[in-house]
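I have placed the structure first, in the form of structure tokens, so that the comments after it can refer back to it.
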Amino acid sequence: MRAYRLLLHLYPAALRESHGDELVAILAHELASARGVSRVVVVARAIVDTLVNAGRAHVEMTAQDLADVWRSVRRSPGYASAVAAVAALGVAAATAAFSLADHVLVRPLPFAAPDRLVKLWQDQSSRGYSRMELSPGNYEDWRRGSRTFAAMAAFTTTSVNALTASGPLRLTAATATPSLFDTLGVGPVIGRGFMASDARRDTTPGVVLSDHVWRSVFGGRPDVLGETIVLSGTTHTVIGVMSAGFEFPTREVDVWLPLTFVPADFEDRANNYLQAIGRLAPGVTLAQARADLGAVAAELARTFPANDRTGATVIGLRDEVTRQSRTMLQALVGASAA
């Protein structure tokens, strides 16, 4: 009878609670009256009846629920519309939360060997700052002095005014050292990325376009290379176009410009405005990179007064999602699941 009670869970809960004991009693009585093969027939009939009647009961209850809903909608259409809107918003929020979690917490970064990419920060924990931007001088010395990185790049973001045939636009630009795309292990789908010569101030600066700007400003023309665009008063020559899925350092970036330095930029070690990334050399662990860059930072701290008590922080690029954002995202996913 225990097996039969488990089988009764196929019925809707309300029907099972009101008639379950009665059905068990009927089966027990029939089994007590049957002998031999008849008992097998009784059990088989009980199983078939349960399967058929349970399915019919679910259909009838669903139809009744839908009828009740329809009557409620007809009586209070405004309230029903509000409930439907709230439900739709809940579904949309849940979908957005899980989609964001998938991109942030699950999928690998869309770069070559993303597990070897790291984010670099100046570390002044003794002053309460474990993650500070780099000065040009420190970035350059880190790049030259470290031995555990295959590549390193620095960048910053800014807003620029663009003059286009359809009128002025406000764009977000990432200004980066020529090594940025090589460090990430990606390249434009049209044209090329930056070269060392693009960082010279005596040349017409190039610009790499996002797929969005290429399509909206230049009509998606494949012969866009060599075209010019005026950004904040400076004429730039189009040298490349990135793929539609490329987003770095943020999805808001519209164009990438070469970052140039003059000798005076390297003198002020307290001029911290650069973000930096690195690609670990083959076989190098995160711990080895931290030790290597820590030694370079320690030497700079002994050499330059402005670098006093300044170390280096090396973390995986994926871990750049802050702990607070990660916790909030997980909470959002949990709430959506609930």
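Assorted remarks:
- Criterion applied to G167, G185 was being open to solvent by 30 Å² or more (accessible area, probe 1.4 Å) and small (G, A, S), and the one residue passing it is G185.
- Test: residue in segment 233-250 that is among the charged types (D, E, K, R), open to solvent by 20 Å² or more (accessible area, probe 1.4 Å) and at pLDDT 95 or above: no
- Within segment 281-299, the set of residues being among the hydrophobic types (A, V, I, L, M, F, W, C), within 19 Å of R131 (Cβ to Cβ) and open to solvent by less than 50 Å² (accessible area, probe 1.4 Å) comprises A289, L293, V296, A297, A298.
- Total residues in segment 182-224 satisfying the condition of being free of Cβ contacts under 8 Å to residues at least 40 places away in the same chain and not in a loop (DSSP other than H, G, I, E, B): the figure is 8.
- Top-ranked residue of segment 22-52 - restricted to ones that are open to solvent by less than 60 Å² (accessible area, probe 1.4 Å) and touching a residue at least 40 places away in the same chain (Cβ under 8 Å), ranked as nearest to L8 (Cα to Cα): T50
- Sub-6 Å Cβ pairs linking a first residue in segment 61-86 that is under 23 Å from L10 (Cα atoms) to a second residue that is modelled with pLDDT of 75 or more, at least 6 apart or interchain, are M61/P12, ordered by first then second residue.
The values are calculated or read from the model by the stated rules, or taken from the named source; none is laboratory data. Remember, it's a predicted structure, so these values are computed and weren't measured experimentally. Heads up, the Cβs are rebuilt from the backbone with ideal geometry, glycines too, and the neighbour counts pull from every protein chain shown. All accessible areas refer to the heavy atoms of the entire protein, side chains included, with ligands and DNA or RNA removed. Shrake-Rupley method; radii C 1.70, N 1.55, O 1.52, S 1.80 Å.
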